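A.B. asks: Encoded as C-alpha cells, here's the structure I'll be asking about.
Every number in this text was worked out from the coordinates using simple rules, so none of it is lab data. All of these numbers come straight from a predicted model, not from anything done at the bench. Because the Cβ atoms are built from the backbone with ideal geometry, glycine has one as well, and the counts that use them run over all protein chains shown.
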Amino acid sequence: MRIDIISAVPDLLKSPFEVSILKRAIDKNIVEVVVHNLRDYAHDNYKRIDDYQYGGGAGMVMMIEPIDECISKLKKERTYDEVIYMTPDGAQFTQKMANRLSLYKNLIILCGHYKGVDQRVRDHFITKEISIGDYVLSGGELGAAVVCDAIIRLLPEVLGDETSALTDSFQDDILAPPIYTRPAEYKGWKVPDVLLSGNFPKIREWREQQAFKQTKLRRPDLLKD
Ligand code: ADE
C-alpha cells in the first residue's frame, strides 16, 4: 500500500511514522508513506499557498493551484483509490472505514489548514472527506496520522499476532473485554479466576459476556442493531 499525504506543515507528520508499529510496517515495505510539502508547489517567491477569502471574512484559504499541481503529478504516476480530505465537517471516521481503506492500494490524504481549502478542490479532486471527531484541530495532519495508524495496523503482517486486530474494540460493533497480565494479585486486587483456569471455552464465554457488558454500559448505541 502507498499513502501520499499532502500538507502545509509536513513536520507535523514526522514522528508518527518514525516509531513503533508504523515504522516497522514501513521498514518491512508493507506500506510506503510519502509526505509532500505543499509549499514545494507554490508559485511565488514567498511560497504562498493561501490567500484571503472572496467575499471577506476572517481566516486564510488554501489555494487551488498548488493542490491541483501536487495531486495531478501524483495521479500521473499511479492510480489512486481515494483522494481524502481531512476536515471537521467530513464523515466521522470509524473502524469500518479503516477496514475498507486498508484494502486499497494507493491513497492520497490532503490535510486542510487555516480556514480550509478553496471549495473547488473539494468539488473536483476529493473523493472522500473524513473527520476524526466533532472538534476543530489546527490542521488535518494529526487527523491524517490517526487515519494512517488505524489503516496500517490492519495490513497483513503489520501486527505480530495476526488475530489481535480482529479482537480490537469496534471490530464487531462491540467493545473489547477487560485484559490483565502478571501479577495475578496486586495490592489484594485479583485477576478474575476464570482467566487463570486454563479452561479456554469458559474463558471465551467470559470474554464475550464481559465485552457485551462493557458495550451495554459504555456504548449502548453500538448494540442498537
Ligand atoms: N481538521 C481540523 N479538524 C479536524 C477534524 N476534527 N478531523 C479531521 N480533520 C480536521
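A.B. asks: Averaging sequence separations of C-alpha pairs under 8 Å and six or more residues apart, then dividing by the length of the chain, give the relative contact order as a whole percent.
C.D. replies: This gives 20 percent for the chain.
A.B. asks: Turning to a different aspect of this structure: What whole-number distance in Å separates the alpha-carbon centres of segment 104-175 and segment 1-74?
C.D. replies: Between the Cα centres of segment 104-175 and segment 1-74 lies a distance of 15 Å.
A.B. asks: Determine the alpha carbon to alpha carbon distance for each of K14/K128; K14/K216; K96/K213; K23/K187; K96/K216 and list only those over 27 Å.
C.D. replies: Pairs exceeding 27 Å: K14/K216; K23/K187.
A.B. asks: Now for a separate question. Quick one: 3J(HN,Hα) in Hz for segment 36-49, Karplus 6.51/-1.76/1.60 with θ = phi - 60°, rounded, Gly and Pro as x.
C.D. replies: 10, 7, 4, 5, 5, 10, 5, 9, 9, 5, 8, 6, 6, 10
A.B. asks: For a quick check: with amide H placed at 1.01 Å from N, whose amide H comes under 5 Å from S131's, ignoring anything fewer than 5 positions away on the same chain?
C.D. replies: Those qualifying (amide H under 5 Å, at least 5 residues apart or on another chain) are T87, G90, A91, Q92, F93.
A.B. asks: Separate question: Just to confirm the number: angle between the C-alpha axis of helix 64-77 and the first principal axis of the chain, 0 to 90 degrees, nearest 10?
C.D. replies: Its long axis makes an angle of about 70 degrees.
A.B. asks: Provide the percentage of antiparallel DSSP beta bridges, counting only those with both residues in the chain; round to the nearest 5.
C.D. replies: Roughly 20 percent of the DSSP beta bridges within the chain come out antiparallel.
A.B. asks: Just to confirm the filter: which chymotrypsin sites (Phe, Trp or Tyr not before Pro) across segment 72-172 are DSSP coil and have at most 10 other Cβ within 10 angstrom of their Cβ?
C.D. replies: Sites meeting the loop and neighbour criteria: Y135.
A.B. asks: Which percent of Cα pairs goes in each bin when the distances of the chain are cut into 5 angstrom slices starting at zero?
C.D. replies: Going from the shortest bin to the longest, the percentages are 1, 6, 12, 15, 16, 13, 10, 9, 6, 5, 3, 3, 1, 0.
A.B. asks: Report, to the nearest 10°, how far helix 141-152 tilts away from the longest principal axis of the Cα atoms in the chain, using its own Cα long axis and a range of 0 to 90°.
C.D. replies: Tilt of helix 141-152: around 50 degrees.
A.B. asks: Test of the criteria: in segment 25-80, which trypsin sites (Lys or Arg not before Pro) are in a DSSP loop and have at most 16 other Cβ atoms within 10 angstrom of their Cβ?
C.D. replies: Filter output for segment 25-80: K28, K47, R48, R78.
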